[in-house]
Each structure stands twice: as structure tokens, then as C-alpha cells.
């Protein structure tokens, strides 16, 4: 009996591969159909989720446009023509990229949104020396401190969700990516009109003196002259000078509103680099250390 059982086991071991191959051959069309339906169902589910995400983004972007349109006219005016041209240039580059490669344009747009959110915090003096901050945290802080146009925080969340699906998840078509870009540009424009001072380096450093006759040079410090764009709705610019020990300043660069409150100087004078006129620099001032916005 034991020998018979062993024989059956041996026969079964030999026949099983043959049976399995025969079953696969006979039912191959049914098996392929099941596999296709499973794959299609998975892809359909992803497509539905992506479409829902894009629909939320579209609706939120439309709400942003309405909120921005309802703002007082002076708030939507650009601080100056140079800044307006720069901002429009960014959008033009993204639109041009979208015509060639929608995915590259979407990546570029996401990068610009991240950079602009950090720059807004820095321009308003709230980046606080940080070298990195997530876009979600930056937007949350801006909204809490100043109040962004309605729907911007939620729209940004929907944009990032769609962006991750399209870029990292490999979902969607070029048309889907272009939909995300269109809504993302609306968010970018809403952030661009956010009212803030724009401080540009006019002179990287002039000598400072502790007397009006300019005979007592203050050592180890320079005066950085900033050209400050006026508040929205005004056409004037102002020039201000602050003490600094930093040497990174370059003429024409926008800088963050950042300070070292540990270093403070008393009254100082300087010679205007354009007119040669002796002027009062400040009565008392902490050290200005603003980083270039382009480096944030």
C-alpha cells in the first residue's frame, strides 16, 4: 500500500505541470480578459481620481479670480513697472514651455510658486533667516499674518495634489497637465499682486562717519543704500541707508527685509554717491543683513 501511494505521488508530480499548462492554454483568452479588466479598472479609478482633483483645482482657481477682481483697485496695481515686467516675464516663459513640453512647464510653475511664497515672507520680514520652508507652511504663515486672497491656500493644496499625480504618479495626459498649468498660473498671479515693499540695492556700501564733517570714519561697517518701491497706489520711490557688515550686496538686486538686532550703531553721516552732498544716514539703526531674494 505504501508503495502504491508513493507511485501516485510521483505520477501527480509529473502530471501537474502538464495540467497547469493545458489549463493556461485552454483558458488563456478568459485569463487575458480578466487581466485586462483588472488593469482597466485600476487605470479608470486613477483617471477618475485625477479628474476629480483637476475639477476641484479648476473650481478653486475660478473662485480666486473672482476674489482678486473684487479687491480694491489700488491693491491690484503693481508696485512698479520693472516688477510688473519681471512677473509677466515669468508667466511668458512658463506659457512658452507649455507649448513644447507641458510637464517641464508644470515643474517650472511649481518651482516659481515655491520661490514666490518664500520671497513674500522674506520681503515682509517674516522668513526670519530660514533657508528652507515648505510652500504649504509659507502660505499658511502669509495667510495668518496678512490674509491672502480667498481660496488661495485651498487652491494651492489642490494644485500640489494634481501636480504630484501628474509628475510623480505618471498619471494623466498633456491636456490634463495643461489644465493644471492654467489654474496654477491663476494662483501665481494672485500671489504676485500681494502688496509688499520691494527693496532693491541702490548702492552696496558707502563709508559712514560719526560726525557731520566726515572726519571720523566708523570702522568695520558700511552703509547699504536701498531703493524702496512705494506702496500700491503711489508712484514715488524712497531711498534709505542702513549700516551693515555684510559684503554680499549687489546693485539692482532685490533683498529680503532682514536684520541683526545684536549690532546697533548710533547717529551717522555719509556722502551721497550721486551728488556728493553730506547727509544724515540715521539717528540709530540695527544692522541690515537682507539676503538677495533670488537666492532664497
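The values are calculated or read from the model by the stated rules, or taken from the named source; none is laboratory data. Predicted model, so just to flag it, every value in this text is computed and none were measured. Cβ sites come from the backbone with ideal geometry, for glycine too, and all protein chains shown count toward neighbours.
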Strands (runs of 3 or more DSSP E) fully within segment 174-272 counting 1 or more residues that are in contact with a helix residue (DSSP H, G or I) (Cβ under 9 Å, 6 or more places away or on another chain) and surrounded by 14 or more Cβ atoms within 10 Å (Cβ to Cβ): 199-209, 217-229
Of the residues in segment 79-120 that are in contact with a strand residue (DSSP E or B) (Cβ under 9 Å, 6 or more places away or on another chain) and in a loop (DSSP other than H, G, I, E, B), the one that is modelled with the lowest pLDDT is 79
Which of (1) part of a helix (DSSP H, G or I); (2) under 16 Å from residue 63 (Cα atoms); (3) in contact (Cβ under 8 Å) with a residue 60 or more places away in the chain is the odd one out, the single condition residue 149 does not satisfy? (1)
Considering segment 148-180 alone, what residues qualify as being at pLDDT 85 or above and closer than 24 Å to residue 293 by Cβ? 152, 153, 155, 156, 159, 160, 163
